[in-house]
Amino acid sequence: MNASIENAPAEARDSSVDDMQVWWQAQRFLHYEADLLDHRDFDAWLGLLDEDISYRMPLTRNVRRDAMAQEYSSTQDAAWFDEGIDTLRQRVAQIKTGIHWAEEPASRVSRLVTNIRVLDLAPDEGGGERVRVRSRFLIYQNRLQTEVNLFVGKREDVLRRRDGRWTILAREIHLDQNVLLSKALTIFF
């Protein structure tokens with residue numbers, strides 16, 4: 001039996017920016033960033049961060065379906081981390097000392113960044129553009145012989161593009177777990 005066209009479900013609309021070149025460049029940038037982190041090139045990674053970066057991972061809550069707006073902690077609430085460029089530099093310096101107990105010996109980490117969508121493209125007040133990008137990630141971390149952690153979730157980034165150079169102006173990370181199962185949060189997302 002054929003359903004009538006009037007009763008057909010509404011067509012899904014993709015509201016992402018329809019600019020293949022911007023999408024391709026944003027995707028290349030995010031894949032390059034993941035590669036730097038996987039190869040522990042933290043100094044080069046810091047060079048990709050904007051001096052005004054906001055780097056935040058709110059807590060995830062189990063909420064009823066009618067309260068989904070409260071699934072993640074707000075900017076006034078606690079977060080796994082809420083950092084700027086100075087604390088990110090301090091974290092890198094701490095890892096590089098060789099005496100960071102949770103990263104000695106160093107973890108082996110592989111990041112997959114996928115489902116990259118450009119949501120918005122707007123002029124930046126200092127010239128250039130701001131590109132809002134949503135993506136998904138899967139991060140595998142192995143330390144010592146048997147310590148394995150998996151992190152899965154979503155990210156929303158604001159990338160700044162000035163004079164052909166991309167930087168990360170803001171990143172919000174949403175883990176798809178509300179209880180952190182790893183012993184420590186020593187990786188970058």
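The values are calculated or read from the model by the stated rules, or taken from the named source; none is laboratory data. The shown structure was predicted, so the numbers you read here are calculated from the model rather than taken from an experiment. So basically every Cβ, Gly included, is an ideal-geometry build from the backbone, and we count neighbours across all protein chains shown. Keep in mind that these areas ignore ligands, DNA and RNA; they rest on the heavy atoms of the full protein, side chains included. Shrake-Rupley method; radii C 1.70, N 1.55, O 1.52, S 1.80 Å.
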I'd like the residue in segment 92-112 that is in contact with an Asp or Glu (Cβ under 8 Å, 6 or more places away or on another chain), within 30 Å of residue 23 (Cα to Cα) and of a type outside the set (D, E, K, R) and, out of all such residues, is most open to solvent (accessible area, probe 1.4 Å). 110
Flag for residue 89 being at pLDDT 80 or above, touching a Phe, Trp or Tyr at 6+ places or on another chain (Cβ under 7 Å), within 16 Å of residue 171 (Cβ to Cβ) and surrounded by 14 or more Cβ atoms within 10 Å (Cβ to Cβ): no
Across segment 22-59, which residue is nearest to residue 75 (Cα to Cα) among those that are in a loop (DSSP other than H, G, I, E, B) and of a type in the set (A, V, I, L, M, F, W, C)? 59
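Where residues in segment 154-181 are of a type outside the set (Val, Ile, Thr) and free of Cβ contacts under 8 Å to residues at least 24 places away in the same chain, which of them is farthest from residue 107 (Cα to Cα)?
Going through the qualifying residues, I end up with 164.
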Any chance segment 73-86 includes a residue that's in a helix (DSSP H, G or I) and exposed (fewer than 15 other Cβ atoms within 10 Å of the Cβ)? yes
Residue count, segment 143-180, condition modelled with pLDDT under 95 and open to solvent by less than 30 Å² (accessible area, probe 1.4 Å), comes to 3
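Would segment 180-187 turn up any residue that is part of a strand (DSSP E or B) and in contact with a helix residue (DSSP H, G or I) (Cβ under 8 Å, 6 or more places away or on another chain)?
Scanning segment 180-187 turns up no residue that is part of a strand (DSSP E or B) and in contact with a helix residue (DSSP H, G or I) (Cβ under 8 Å, 6 or more places away or on another chain).
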Over segment 24-41, the set of residues open to solvent by 30 Å² or more (accessible area, probe 1.4 Å) and within 16 Å of the chain's Cα centre (by Cα) is 27, 28, 31, 32, 35, 38
Sort out which residues of segment 52-72 are under 17 Å from the mean Cα position of the chain (by Cα) and open to solvent by 30 Å² or more (accessible area, probe 1.4 Å), and write them in order of number. 52, 54, 59, 72
